[in-house]
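Single-structure report; data block below.
Just so it is clear, none of the values below were taken in a lab; they were calculated from the coordinates. What you see is a predicted model, and the numbers here were worked out from it, not measured in a lab. Counting neighbours? That spans all protein chains shown, and the Cβs are built from the backbone with ideal geometry, glycine included.
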Amino acid sequence: MVPQNIYDDPDFFAAYSSMARSTQGLDGAPEWPSLAAMLPPLDGQRVVDLGCGFGWFTRWAVARGAASVLGVDVSRRMLERAVLETDDPRITYRRGDVDELELPPAAFDLAFSSLTLHYLTDLDRLVRTIRRALVPGGAFVFSAEHPLYTAPTEPGFIDLAGRPVWALDAYQREGPRTTNWLAPGVVKQHRTLTTYLTTLLRHGFALTAFEEWRPTTAELEQHPDWAVELDRPTFLLVAASVGEDG
């Protein structure tokens with residue numbers, strides 16, 4: 001199956017490149033502090049970054065002692081910029097569809113993925129591949145768009161305080177959903193929280209952290225516009241590990 005590579009669409013790429021998380025890197029991602037807190041110590045670790053984009057995390061990981069980082073992304077435009085901004089022999093980039101990912105067994109200590117899983121059609125295959133590629137004691141840490149976002153949603157009505165009350169459509173019906181995000185016709189894969197978590201458990205992972213992200217009081221003081229994020233969670237953050245006995 002040919003993946004949708006919306007990030008190589010010139011209009012989409014231009015719009016995405018102007019976002020805070022593209023211009024400021026990890027510091028421009030509101031959920032990053034919470035996701036970073038789920039990561040294990042990286043000193044000497046072998047890391048794979050699935051959907052690496054501009055390579056922000058790959059560079060962050062080696063700056064914190066990772067022995068090697070493999071960044072994988074389907075977008076040629078994203079990888080071209082990642083290569084231009086990376087000058088460290090510990091980092092390797094590979095162009096490829098994460099949905100069809102092949103990794104060697106027991107080759108990594110950490111698998112990381114930021115806001116990629118909701119584009120993939122075969123979550124089960126990916127989790128199985130990652131499980132095989134991790135050493136005993138290895139970790140898988142990821143973020144995805146929260147299912148409340150990937151399900152069709154729209155403001156159902158406005159409450160007395162002037163806030164939108166969101167209506168969900170077919171939350172339990174998983175599958176592709178088309179949305180107009182930065183460009184028309186962007187396809188995302190909707191799946192429930194149950195599917196995300198039980199897929200991990202089915203393949204032998206133990207959950208170590210889980211968060212439906214929301215801004216803290218301190219973050220809201222700095223970014224009052226983030227208050228809208230209190231109406232429904234934007235991001236799903238998960239950390240899981242493989243037992244020491246494999």
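Each of the peptides 203-211, 188-196 was scored by the mean count of other Cβ atoms within 10 Å over its residues; in descending order, highest first, they stand as 188-196, 203-211.
Among rounded, prolate and oblate, which fits the range 19-146 when a ≥ b ≥ c are the square roots of the eigenvalues of its C-alpha gyration tensor, a/c under 1.5 means rounded, and a/b larger than b/c means prolate? The shape class here is rounded.
Summary of packing: across the peptides 109-115, 133-139, 215-221, 73-79, the per-residue average of other C-beta atoms within 10 Å ranks them, highest first, as 109-115, 73-79, 133-139, 215-221.
Couplings for the range 132-148, taken from phi via the Karplus curve 6.51 cos²θ - 1.76 cosθ + 1.60 with θ = phi - 60°, read 5, 7, 8, 6, x, x, x, 10, 10, 10, 8, 10, 8, 4, 4, x, 5 Hz in order; Gly and Pro are left as x. Taking amide H atoms as placed 1.01 Å from N in the peptide plane, the amide H of HIS190 lies under 5 Å from those of GLY175, ARG177, each 5 or more residues away in sequence or on another chain. The amide H of CYS52, built 1.01 Å from its N in the peptide plane, has VAL72, ASP73 as neighbours under 5 Å, considering only residues 5 or more places off or on other chains. Phi angles of the range 51-62 translate, via the Karplus equation with coefficients 6.51, -1.76, 1.60 and θ = phi - 60°, into HN-Hα couplings of x, 6, x, 6, x, 4, 6, 4, 6, 4, 5, 5 Hz per residue; Gly and Pro are given as x.
Spin-label model, ALA206 to GLU100: label points 7 Å out along the Cα-to-beta-carbon direction sit 3.7 nm apart. Using θ = phi - 60° in the Karplus curve 6.51 cos²θ - 1.76 cosθ + 1.60, the 3J(HN,Hα) couplings for the range 193-198 round to 4, 4, 5, 4, 6, 5 Hz; x is entered for Gly and Pro. Around the amide H of ALA209, modelled in the peptide plane, lie the amide H atoms of ALA239, all under 5 Å away and 5 or more residues distant in sequence or on another chain. Based on alpha-carbon centroids, what's the gap between the range 201-215 and the range 71-101 in Å, whole number please? Each part's Cα centre sits 26 Å from the other's. Between ARG232 and ASP27, the contour length at 0.36 nm per residue exceeds the Cα-Cα span by 71.6 nm. Label point of GLU219 set 7 angstrom out along Cα-Cβ; within the range 127-143, amide nitrogens under 17 Å from it belong to 142-143.
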